1. I'd like the residue in segment 8-43 that is at pLDDT 75 or above and touching a strand residue (DSSP E or B) at 6+ places or on another chain (Cβ under 6 Å) and, out of all such residues, is farthest from VAL58 (Cα to Cα).
2. Among the residues of segment 44-54, which ones are in contact with a strand residue (DSSP E or B) (Cβ under 9 Å, 6 or more places away or on another chain) and within 15 Å of GLY77 (Cβ to Cβ)?
3. Given the structure, is ALA63 closer than 30 Å to THR137 by Cα, among the hydrophobic types (A, V, I, L, M, F, W, C) and modelled with pLDDT of 95 or more?
4. Give the residue, chosen from ASN103, ASN119, that is within 15 Å of the chain's Cα centre (by Cα) and on the phi > 0 side of the Ramachandran plot.
5. Checking the structure you have, find out if any residue of segment 70-90 is in contact with a helix residue (DSSP H, G or I) (Cβ under 9 Å, 6 or more places away or on another chain) and farther than 19 Å from GLU50 by Cβ.
6. Given the conditions (1) exposed (fewer than 13 other Cβ atoms within 10 Å of the Cβ); (2) out of contact with any Cys (no Cβ under 9 Å at 6 or more places or on another chain), which single one is not true for LYS59?
7. Out of curiosity, is LYS61 under 21 Å from ARG130 (Cβ atoms), basic (Lys, Arg) and touching a residue at least 60 places away in the same chain (Cβ under 8 Å)?
8. Applying the selection to segment 80-108, what residues are under 17 Å from ARG130 (Cα atoms), surrounded by fewer than 18 Cβ atoms within 10 Å (Cβ to Cβ) and among the acidic types (Asp, Glu)?
Amino acid sequence: MENRRKRFPWKTVLTVVLCAAAAAVLLHVLIWNRPVTVDRGASALYSDEEIDRAVEVVKAKFAEMKGCRLISLSYAGDEKSQEELAYYNRELQAGYTDCIVLNSEFRSPVFGGGAWDANSLYQWGWILVRTGDGPWTVLTSGYG
């Protein structure tokens, strides 16, 4: 009788590990590369195109927040935008003609860092202003 030693199934283990790694990478790409949901709501003050221009400004600023993933942006409404316009014109003695308030939802970096808790959901407000037909500018952002 021949003495056969059982061999460790390296090929099977390697296949399972590689499949798990590929699935993790695919899941990461699918989740982190999802398009941002934008809710323009109904506005009597601003067209969808004007709100979209403000959204693009926020997206550009958001890109500076390394490791965070923007999930959604929504227009806070005409009333809120007009309240903020009046407040900042009064407090800053500014001559802004328009204000758009956007609410955002985003995920912090997977491993956290800085002021962020790891992989947590945050809600921030963004206040954008302009004068005349000028470009939208982020006046302030943060918890709102």
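The values are calculated or read from the model by the stated rules, or taken from the named source; none is laboratory data. Fair warning: this is a prediction, and the values are worked out from it, not measured in the lab. Cβ: placed from backbone, ideal geometry, glycine included. Neighbour counts: every protein chain shown.
1. GLY41
2. Listed by number, the residues that qualify are LEU45, TYR46, GLU50, ILE51, ALA54.
3. No: the conditions fail for ALA63.
4. Matching residue, one of ASN103, ASN119: ASN119.
5. The first filter runs over segment 70-90 and keeps only residues in contact with a helix residue (DSSP H, G or I) (Cβ under 9 Å, 6 or more places away or on another chain), leaving 70, 73, 75-76.
Checking the rest, the ones that are also farther than 19 Å from GLU50 by Cβ come to 70.
Within segment 70-90 (the criterion being in contact with a helix residue (DSSP H, G or I) (Cβ under 9 Å, 6 or more places away or on another chain) and farther than 19 Å from GLU50 by Cβ), the answer is yes, since at least one residue qualifies.
6. Here LYS59 meets the rest and fails (1).
7. It is true that LYS61 is under 21 Å from ARG130 (Cβ atoms), basic (Lys, Arg) and touching a residue at least 60 places away in the same chain (Cβ under 8 Å).
8. GLU83, GLU91
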